[in-house]
Amino acid sequence: MVREGSSIDKALAVLEAIAEHHRVTDIATATGVSKSTVHRILQSLVEWGFARADGSGGYEPGPRILTLAGRVMSRFDPARQASAALNALHERIGYTTHFAIRSGDEAVYVDKLEGRRPYQMPSRVGMSLRLHCTAIGKAVLAQLGEDEVRAICARTGMPALTANTLTTPDELLVHLAGVRARGYALDDEENLPGILCVAAPVFDHTGQVLGGISISALAMDMSREDVEQFAPEVVAAAREVSRALGAPEPILNR
């Protein structure tokens, strides 16, 4: 619903509604704008190319929306969109904070904020990470279907990097069910001995998993109580980034 008397709000509400609704009556119901006003707005949108008549009395998004979206996405930098949430999480917690994006069968760090600790994490922007044994990797895998997870594992293998690494698809899939239920993933010294990481998934504007945000620390510096305390903050930060990337709310609230 839009504020009464706000012509700009009404126009934007109608523009957004035609992504899901085609009939004037349905658009009016969805937006709370009168049918006569909806019709008038639609005529202007058609003239501007943001809407088009569908030939059956309804309307659909016009070609100018795609042109504008293409221009925006060509300049869209996920790391920049994540920066505010990443910095805020880092300020609150003080552990090393990462943002990584999935790239095929791995993920790549695109941002890192070093923790306020007397040590540094052995990670860097541009470094790739395996999916089966890292917190961000498992946060990503948990959002994929079983067949895709098995296919990725078949292509990359599941080498045991530490004594805690999961090394079979079956045990990984059971583990990922717990990740989905909790909303976050834990790398419990599975990638590197002595290092713990907590991560949550980040979604893009299509609702697909894009990557994840994590916090990392030495195992002796992050207790299980710390994990329980800070995991919700990691999840909240990941959701904030997802919203900045245009992720649908139903995906974030499931």
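A value for P(r) over Cα pairs in 10 Å bins from 0, in percent was derived from the coordinates, and within the list (1) 7, 31, 34, 17, 8, 2, 0; (2) 7, 27, 26, 17, 14, 7, 1; (3) 7, 33, 38, 19, 3, 0 it appears as (2).
Which value, in debye to the nearest 20, describes the size of the charge dipole of the range 212-254 about its Cα centre when Lys and Arg Cβ atoms bear +1, Asp and Glu Cβ atoms bear -1, and nothing else is charged? Intermediate results must be reported in sequence, preceding the final value.
On the way: 4 positive and 7 negative charges, 55 e Å.
Charge dipole, the range 212-254, about its Cα centre: 260 debye, nearest 20.
Applying the criteria of a DSSP loop state and at most 10 other Cβ atoms within 10 Å to the trypsin sites (Lys or Arg not before Pro) of the range 98-184 yields 124.
Report in % the part of the accessible area of the chain that belongs to carbon and sulfur, leaving out ligands and nucleic acids; probe 1.4 Å. Answer for the chain: carbon and sulfur cover 53 percent of the accessible area. So which lysines can residue 10 reach, going by Cα to Cα under 30 Å and dropping same-chain residues fewer than 8 places off? Of all the lysines, those that pass the test against residue 10 - Cα under 30 Å, at least 8 places apart if same chain - are 35.
What does the net charge come to around residue 152 if you take all other residues with beta carbon closer than 12 Å to its beta carbon, with K and R at +1 and D and E at -1? My count for the surroundings of residue 152 gives 0. Surface analysis of the chain yields an accessible area of 51 Å² per residue, using protein heavy atoms and a 1.4 Å probe. Taking a ≥ b ≥ c as the square roots of the eigenvalues of the alpha carbon gyration tensor, the range 48-196 is oblate, as a/c is not under 1.5 and a/b does not beat b/c. Taking every protein chain into account, the 1.4 Å probe leaves residue 111 with about 30 Å² of accessible area, to the nearest ten. Summarising the label geometry, the points placed 7 Å from Cα in the beta-carbon direction at residue 160 and residue 224 lie 2.3 nm from one another.
Cross-link partners for residue 112 among the aspartates and glutamates, with Cα-Cα distance under 18 Å and sequence neighbours closer than 8 places in the same chain left out: 77, 91, 187, 233, 240.
Once you reduce the range 82-134 and the range 174-191 to the center of their Cα atoms, the two points are 17 Å from each other. Close amide H partners of residue 210, meaning residues 5 or more places away or on another chain with modelled amide H under 5 Å apart, are 202, 203, 204.
What the Kirkwood sum gives for the range 143-183 is a hydrodynamic radius of 10.8 Å, with every pair of different alpha carbons counted.
The values are calculated or read from the model by the stated rules, or taken from the named source; none is laboratory data. Everything numeric in this text was worked out from a predicted model, so none of it was measured. Cβ atoms come from the backbone with ideal geometry, glycine included; neighbour counts cover every protein chain shown. Each accessible area value is taken on the protein alone, full model and side chains, heavy atoms only, with ligands, DNA and RNA left out. Shrake-Rupley method; radii C 1.70, N 1.55, O 1.52, S 1.80 Å.
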